[in-house]
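Take a look at the structure set out below.
The values are calculated or read from the model by the stated rules, or taken from the named source; none is laboratory data. From a predicted model like this one, the values you see are computed outputs, not experimental measurements. Ideal geometry is used to build each Cβ from the backbone, glycine not excepted, and the neighbour counts take in all protein chains shown. Just the protein is used for accessible areas: all its heavy atoms, side chains included, with ligands, DNA and RNA removed. Shrake-Rupley method; radii C 1.70, N 1.55, O 1.52, S 1.80 Å.
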Amino acid sequence: MTSNLTTRQANELHKSIIAYLASNNLPNSTLALRNELALDEATFDAPAAQQYETLLAKKWTSVMRLQKKILDLEAQNAALHSDLQNLTPSSNTDRDTGADPASWLPTSTPRYTLASHTQPINGLAFHPIYSSIATGSDDSTIKIWDHDFGELEHTLRGHTRAVLGVDYSATLLASCSSDLTVKLWDPANGYRNTRTLTGHDHSVSSVRFLPSSGHTNLLASAGRDTLIKVWDVVAGYCLITIPGHSAWIRSLAASPDGRCLLSAGEDKTARLWELITVHGTTPTRAEHRLTLQGHEHYITCCAFAPTAAYPFLAPLAGVKKIPPGVGSDAFMATGARDMKIRLWDREGKCIAVLEGHENWVTGIVFHPGGRFLVSVADDKTMRCWDLGREGSVFSCMAKYLQAASADG
C-alpha cells in the first residue's frame, strides 16, 4: 500500500505509537513494534520516548475537533441552503428556473431572533450596502447586528434617554432620542460618535438621510416640538427649520430622489414638503405641497412608494398608464392608530384603505419589487399586502411575543 506520509512523518508516527503503548503499560506490543520497525532502546531510548508520550493523543483530539467542526459546518451549510430555498414563495423548481426576486417574501419562520436589548425596540435600519442592521431601544443603546449570521457586532452608547429612531446612509448612521439630540456614528471607524446635532426642543422621534439628488450630506429630523429640521451633517448645522404640524411629528420619509419629505404625526395629518434649491445643491427652504387627511387617530408611520410600485398603484388611482417624467412622490402610504393603512396619490387623494390589523399600525415599508406593502402593528403581526390584488391581505406572516416594530 502506498503511504501518503513522508519518511519523516512516518518516523514521527511510529515513535508516537511506541511511546503511547509504553506509557499505557503495553510492553509486549511496544517490544513487537520496536522489533518490527528496528527502533531498539539504543536508537529510541526512554527519555526520547517520553517526549512523544502525549503527541498521539493530542493529534487524535485535534482530529476529532476538526471532524466535529466539519459536521457543524455541514449542518450550517444545510440550514443556509434550506433558508435559500425558502426565500421565495415560489416553488424550488420555479426559483431554479429563474423566478423573479421581486416576488420573494419573508417566510413565517424567522431566520434569526436578535436578542440583546433590555427594553422595547423603537426603530431599525438596514445598511444600504453591507449586511448590517441597526436597532434603537428604550434602553438608550443602539445595537449593530450582522443579518447574514444573526450576530451582535457592536453596542453603541451615548444617548442618555430612549433611542427613538435610526437611519443609515452609505457612510454614516444617524440616531435620534428623547434626550433631544441627533447623533452621527461612523461605521468605518468602529461606529465612533462623530457629531451630536442639537436644536430640537423636545424628543426627536425620526431621522432620515436624503438620498442623493444634488443634495449631498443632508439629514432630516422631526420630533415632539412639531418641527422638521434639515441638517448639513458635514458642517453640523441646521439648514432649514420647517413648521406646519400642530402636534408631535411621529414619522418622516424621504422621497427616492431626495427632493421631497413626507411627515406624519399626532395632528392626524401627513404633509408633503418640497425642498427648494436656489443656487448650488443645498436647499434653502421647504414648500408645503399637500396635507393628507383621513385617518381617525394619530399617524405613526409614512412611506413613499418606489417607482417599481407605480404599475400596481396606478390602477387604484384610476390611471391606466403612468406618464413619463413622473417624480418619485407620485404615491405615498401612511399607517395610524386607527388600525388602517391609507394609500395616496400626489394630488392628495386617498386611493385605497387597507384594513386588517387589530391594533395600532406602527410601521410600513414597500417591498423593493413594488408589488407588496409590508406592515407591522401592535396586534403582534406582520402583514404583506398584495397591491396587484387591490391591497388584499396577502398573508399574516408571523405572531410575535412582543409588539412588532418597523422603521424604514
Checklist line | Sulfur and carbon atoms: percent of accessible area, the chain [1.4 Å] | finding: 52 percent
Check: For segment 154-222, what relative contact order do you get, as a whole percent, if you take Cα pairs closer than 8 Å and at least 6 residues apart?
Finding: 27 percent
Checklist line | Unit Cα scatterers, Debye sum, segment 291-383: log10 I(q)/I(0) for q = 0.18 Å⁻¹ | finding: -0.75
Next item on the list: Could you pull out every residue, at least 5 positions away or on a different chain, whose amide H is within less than 5 Å of the one on A377? Hs are placed 1.01 Å off N in the peptide plane, and Pro or chain starts have none.
Entry: T362, A404
Checklist line | Per residue value of the accessible surface for the chain (all protein chains in place, 1.4 Å probe), Å² | finding: 51 Å²
Checklist line | Crossing angle, helix 55-85 versus the chain [Cα axis fit, 0-90 degrees, rounded to tens] | finding: 30 degrees
Item checked: Percent of Cα pairs exceeding the 20 Å cut-off, where the set is segment 1-64 -> 25 percent
Checklist line | Rounded accessible area of K183 (nearest 10 Å², 1.4 Å probe) | finding: 20 Å²
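In debye to the nearest 20, how big a dipole does the chain give about its Cα centre with +1 on each Lys and Arg Cβ and -1 on each Asp and Glu Cβ?
With Lys and Arg at +1 and Asp and Glu at -1, about 540 debye.
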Check: How big is the equivalent ellipsoid of the chain along its three axes, where each semi-axis is √(5λ) from the Cα gyration tensor, reported in whole Å from largest to smallest?
Finding: 60, 26, 19
Notebook entry, point to check: Can you give me the relative contact order of the chain as a percent, contacts being Cα pairs under 8 Å and 6 or more apart?
Noted result: 8 percent
Next item on the list: Can you quote the Å³ per residue value for the convex hull of the Cα atoms in segment 153-272, rounded to an integer?
Entry: 99 Å³
Margin query: How tilted is helix 7-23 with respect to the longest principal axis of the chain? Cα atoms for both, answer in degrees (0 to 90, nearest 10).
Written below: 80 degrees
Check: Which value, in Å² and to the nearest 10, is the accessible area of M382 when all protein chains are kept and the probe is 1.4 Å?
Finding: 30 Å²
Notebook entry, point to check: Which of the lysines could a cross-linker bridge to K58, judged by Cα under 20 Å and excluding same-chain residues fewer than eight apart?
Noted result: K15, K68, K69
